[in-house]
Amino acid sequence: MFEDKKNSGEELARIYLDSAISWLNSYAITKSLEDSYKYVDNYKFPTNKKEIQTFIETLHKNYNDIKTKRFFGIYISRAINESKEDYIDIDIPYPFDYIGIFLPKEKELNINGNLGLFAGYKMRGKMEVDNVGAMAGIMMEEGILGIREYSSFGAGFKKRDGIIIVGKNAGNYLGEYMEGGEIIVAGNSGDFTGKGLKGGVINIHGSAGYSTGDEMEGGTIKIGKYCEGFGKIKGGNIIIGNEYIYKDGKKVKKFILF
């Protein structure tokens with residue numbers, strides 16, 4: 001399964017890989033996310049940035065089951081959160097799911113590469129990444145999640161606080177049922193932006209898609225250019241440019257595409 005050992009770092013990484021595979025088979029597929037994360041403690045895992053990076057490279061090179069490979073993001077996140085360094089900069093060659101989950105307030109994580117699903121779940125620290133898959137920053141508690149380019153659908157779902165910054169465009173259902181904090185998108189967002197929004201601010205510098213603000217109850221959606229259309233607005237504010245279209249859930253200006 002493995003190539004010849006080259007140094008003690010790679011040998012240690014293989015030990016961690018064997019441990020991670022045992023963890024995966026015992027917990028990651030059959031338990032809840034919280035339990036899978038918790039039970040990493042029963043296994044050996046990397047303890048510093050260098051070990052984490054070497055483990056990721058060894059894992060990517062030697063483990064090829066694409067159906068289960070994504071789950072190792074839980075194991076990697078536990079290693080990051082328990083590591084000695086407050087700042088960690090790592091290269092990610094594969095879009096693992098669950099990277100950055102439960103990231104502590106004192107941690108700053110820079111990811112060179114793309115991530116899969118559920119990046120930054122319940123995070124409190126700071127994380128920056130190139131692109132993310134669906135449901136990034138959901139139930140985020142505080143901190144900053146910086147996405148340099150694109151986020152897929154569902155970013156910021158039920159986000160409680162903190163800031164999500166998207167450097168280009170965001171997908172559908174951005175900030176769905178968000179409770180607080182802010183989401184900033186430099187480009188455009190998709191359909192159902194702010195669906196069920198309860199609090200906080202969603203700031204779209206470009207344009208928003210159809211059914212924006214559907215069932216929103218509070219908070220504010222700011223749109224820099226135009227919106228394809230609105231859903232049923234129950235509360236909160238929608239601003240296009242510098243003008244209120246909805247204020248406290250009531251339409252105050254006729255909406256015209258511009």
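Every number here is computed from the coordinates shown, using simple stated rules; none is lab data. These figures come from a predicted structure and were not determined experimentally. All Cβ positions, even for glycine, are placed from backbone atoms using ideal geometry, and neighbour counts span all protein chains on display.
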If you place +1 on the Cβ of every Lys and Arg and -1 on the Cβ of every Asp and Glu, how big does the dipole about the Cα centre of the chain come out, in debye to the nearest 20? 820 debye
Please give every one of the aspartates and glutamates within straight-line cross-link reach of residue 50, meaning a C-alpha to C-alpha distance under 15 Å, and leave out same-chain neighbours fewer than 8 residues apart. 10, 11, 82, 85, 86, 89, 91
Need the list of lysines near residue 158 for cross-linking: C-alpha distance under 16 angstrom, and skip anything on the same chain fewer than eight residues off. 122, 195, 198
Formal net charge of residues neighbouring residue 50 (Cβ-Cβ distance under 13 Å; K, R +1; D, E -1): -4
In terms of the alpha carbon gyration tensor, root eigenvalues a ≥ b ≥ c, rounded if a/c is under 1.5 and otherwise prolate when a/b exceeds b/c or oblate, segment 99-251 is prolate
Projecting the Cα atoms of 112, 140, 174 onto the charge dipole of the chain, where Lys and Arg contribute +1 and Asp and Glu -1 at Cβ, the residue farthest towards the positive end is 174
Segment 167-212: C-alpha gyration tensor shape, a/c 1.5 cut-off, then a/b vs b/c: oblate
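What trypsin sites (Lys or Arg not before Pro) does segment 64-137 have in DSSP loop regions with at most 16 other beta carbons within 10 Å? Could the numbers behind the result be given before it?
Values: sites: 67, 69, 70, 78, 84, 105, 107, 122, 124, 126; in loops: 67, 84, 105, 107, 122, 124.
Answer by residue number: 67, 84, 105.
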Starting from segment 84-121, pick out the GluC sites (Glu not before Pro) whose DSSP state is loop and whose Cβ has at most 12 other Cβ atoms within 10 Å. 106
Pick out, from 165, 42, 194, the residue whose Cα sits farthest towards the positive end of the charge dipole of the chain, with +1 on the Cβ of Lys and Arg and -1 on the Cβ of Asp and Glu. 194
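Do the alpha carbons of any pairs in 107/222; 225/251; 126/168; 61/105; 49/126; 44/126 sit beyond 28 Å of each other, and which pairs? Please report the intermediate quantities before stating the final value.
Numbers: 107/222 30 Å; 225/251 18 Å; 126/168 19 Å; 61/105 32 Å; 49/126 16 Å; 44/126 26 Å.
Exceeds cut-off: 107/222; 61/105.
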Expressed as an acute angle from 0 to 90° and rounded to the nearest 10, what is the orientation of the C-alpha long axis of helix 49-62 relative to the principal long axis of the chain? 80 degrees
So what's the angle, to the nearest 10 degrees on a 0 to 90 scale, between helix 72-82 and the longest Cα principal axis of the chain? 90 degrees
Size of charge dipole - segment 1-85 - debye, nearest 20, with Cβ of Lys, Arg +1 and Asp, Glu -1, no other charges: 140 debye
With a ≥ b ≥ c taken as the square roots of the eigenvalues of the C-alpha gyration tensor of segment 26-110, please select rounded if a/c is under 1.5 and otherwise prolate if a/b is larger than b/c or oblate if it is not? oblate
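Which value, in debye to the nearest 20, describes the size of the charge dipole of segment 68-136 about its Cα centre when Lys and Arg Cβ atoms bear +1, Asp and Glu Cβ atoms bear -1, and nothing else is charged? Spell out each step's value before the answer.
Details: 9 positive and 10 negative charges, 70 e Å.
So the magnitude is around 340 debye.
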Nearest 5 percent is fine: what portion of the DSSP beta bridges confined to the chain is antiparallel? 10 percent
Given the candidates 156, 32, 213, the one whose Cα lies deepest towards the positive end of the charge dipole of the chain, counting +1 at each Lys or Arg C-beta and -1 at each Asp or Glu C-beta, is 213
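Mean shadow of the chain, computed from the convex hull of its alpha carbons, in nm²?
Numbers: hull surface 53.5 nm².
Computed as one quarter of the Cα hull surface, the answer is 13.4 nm².
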